[in-house]
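The values are calculated or read from the model by the stated rules, or taken from the named source; none is laboratory data. These figures come from a predicted structure and were not determined experimentally. Glycine gets a Cβ as well: all are built from the backbone with ideal geometry, and neighbour counts include every protein chain shown.
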Amino acid sequence: MTRGIVIAGLAGGSGKSVVSVGLTAALAESGWVVVPFKKGPDYIDAGWMKLAAGRQCYNLDPFLMTEESIQQSFLKHSSGADFVVLEGNRGLYDGVNADGGYSTAELALSLRLPVLLVVNCTKTTRTVAAMVLGCMKLDKRIKICGVVLNQIATKRHQAVVTEAVEKYTGLPVLGAIPRMKRDIFPMRHLGVTPHQEYEGSEDAMALLAETAAANLDLDRITGLMVQLDEWSPVESNVLPEKKLRIGLLMDAAFQFYYSENLEALELAGADLISINALEEKELPALDGLYIGGGFPETSAGKLAANVSFRDSVKAAADSGLPIYAECGGLIYLGSSIKIDGEEFSLTGVFPVRFGMSKKPQAHGYSIFEVSKNNPFYEVGTEVKGHEFRYSVILEWLGESRNLALEMKRGVGFMDGRDGLCYKNVLALYTHVHALGTPEWATGFMKRCYELRTEREQQN
C-alpha cells in the first residue's frame, strides 16, 4: 500500500525543501521505501530529494506535461513504494496567471493528494494562523491536512504560534523547525547549490534527517498520507533489439538531467554511459552524446584544463556524431567563456564566446517552433520547455536567421531564436522534458540509429 503527500509553502524560501528533503531522508533511514517527486522544472531540488531517498526523483509539471502523462508517471514511479513525498514549488497557489494555472495546488488536486503546509514564522505569531486560514479558504477543494512551522526562534514562540494555528484553523501543527545558525542548503543564484558541487552534501543530509526526526511528528504525518491508486500500464514498451551507446556528461559541471529523459532514451534503445568531462581524457566510442545543463562556469578552469577531452568532443562533432546539448551543454560547445576578466577555452564546436551576468538572462517556461532543418526535430514541431541562465553571448560569428528554432515564448539564444546546428549537433538554451516532448528522444535516437546503420553497411 503506497501512501503520498504534497509538501507546499506560502512562498519560495518558506522552508519546504528542508521539510521535504528532511522528511524523505528520515523515512528512508528508518528503512521505508520512499519515492520522491518534484513539482516544476527543477533539477537542483530534485537532486537533493534523490540523494535523500537513495533513488530517482521524478518531475511533474502541468505546463510541460499533459494530465494523462502526469498521472501515468506518478503512478508508475510510485508503484512498490511505501511512501511518496512530492515537493511543490513557490507558493501553494502560485502559477502562471492570477487563477493559479499550473500551480502546486492544481497538481495536488489532480493527484488527489493532501497538502502539508510549511510556514516561515520569522517575526510573526498569530498572523501565521491568518495566512494558513487564507490558504484553506481560497480553494476549499484543496485538502490541507496539517502545518509545519519553520524558523521558530524559541519554545515560547513555538507554543504561541501552535496555539493560534490550531485554535483558528482546526489544523494540527505537525512539527516545528528551529531557526538554525547556518543554512543547511548552501545558496546560489535563485536557489540551492546542486549537491554534486557541495562537498558537505552527505553531512547536510544527515543533519536534515536528524532535524526532521527530532522536530516532525513522523507518525502523524505518514498517518495523514492517502493511499494511491494502483498503476495500470497504458501499453507495454518493447525495447529495440540493438542497443546504442549514448554518452552523458555527468559530473560537477553537468548534472541537469530529468530522470524521465534518461528513461526515455533507454526505452528507445540507449545504453547510457556516464562520462566525467573534468577527469576523463577523451570520449569513449559512442553512437550519440547528450550534454545536459548545469553550471559549467563553476568548473570552467577544470573544463579548460582538460584539453584532450575538449579536443575529443570537437573531433566527435566534426566526424558527425549526433550530439544534443542543452544550456550548460550549449556553453561547453562554444569557443570560450569569460569569467571575472579571465577567459577559459572550451570545445570550439561553435564560434561563440560566452560571459556571465549577475542577473538572470532567461528564467521561466518557454515554447519554440521548429522552423528549419536540424538533426533531430521535424520542421513544424512545437515544443514546450523552460530556460534558466545567467550566461550572455559576448560574440558569435553567425546569423540568428540560421538558428533552427523560433521562440514563441521565452528568450532563446538570440533575436527570439534558439538552436545552433552543425552537422549532427543541435545545441540550445531550452530544456525539454521527455514526457512532454516524446519527439525529443525518438528523434535523437532515430538519427543515432541511422548513422550506426550507415557505418555498419560501409564496413
Among the residues of the range 101-110, the number that are surrounded by fewer than 23 Cβ atoms within 10 Å (Cβ to Cβ), under 21 Å from the mean Cα position of the chain (by Cα) and either not charged (D, E, K, R) or not assigned by TED's automatic domain parsing to the domain that holds residue 144 (or both) is 3
Verdict on residue 442 being assigned to a helix (DSSP H, G or I), out of contact with any Leu (no Cβ under 6 Å at 6 or more places or on another chain), among the hydroxyl-bearing types (Ser, Thr, Tyr) and at pLDDT below 95: no
Criterion (in contact with a Ser or Thr (Cβ under 8 Å, 6 or more places away or on another chain), on the phi > 0 side of the Ramachandran plot and not aliphatic (A, V, I, L, M)) met by exactly one of 410, 436: 410
Quick one: how many residues across the range 276-298 are within 23 Å of the chain's Cα centre (by Cα) and buried (at least 22 other Cβ atoms within 10 Å of the Cβ)? 10
Is at least one residue of the range 358-367 within 18 Å of residue 288 (Cα to Cα), in contact (Cβ under 8 Å) with a residue 60 or more places away in the chain and in the same structural domain as residue 282 (by TED's automatic domain parsing)? no
For residues that are surrounded by fewer than 19 Cβ atoms within 10 Å (Cβ to Cβ) and either under 28 Å from the mean Cα position of the chain (by Cα) or outside the structural domain of residue 421 (by TED's automatic domain parsing) (or both), tally how many sit in the range 315-334. 0
For residues in the range 37-75 being small (Gly, Ala, Ser) and in contact with a helix residue (DSSP H, G or I) (Cβ under 7 Å, 6 or more places away or on another chain), which is surrounded by the fewest Cβ atoms within 10 Å (Cβ to Cβ)? 54
Assess whether residue 78 counts as being surrounded by 20 or more Cβ atoms within 10 Å (Cβ to Cβ), under 19 Å from the mean Cα position of the chain (by Cα), among the polar types (S, T, N, Q) and at pLDDT 95 or above. yes
Counting only strands (runs of 3 or more DSSP E) entirely within the range 24-101, those with at least 1 residues that are in contact (Cβ under 8 Å) with a residue 40 or more places away in the chain and more than 21 Å from residue 364 (Cα to Cα) are 34-39, 83-91
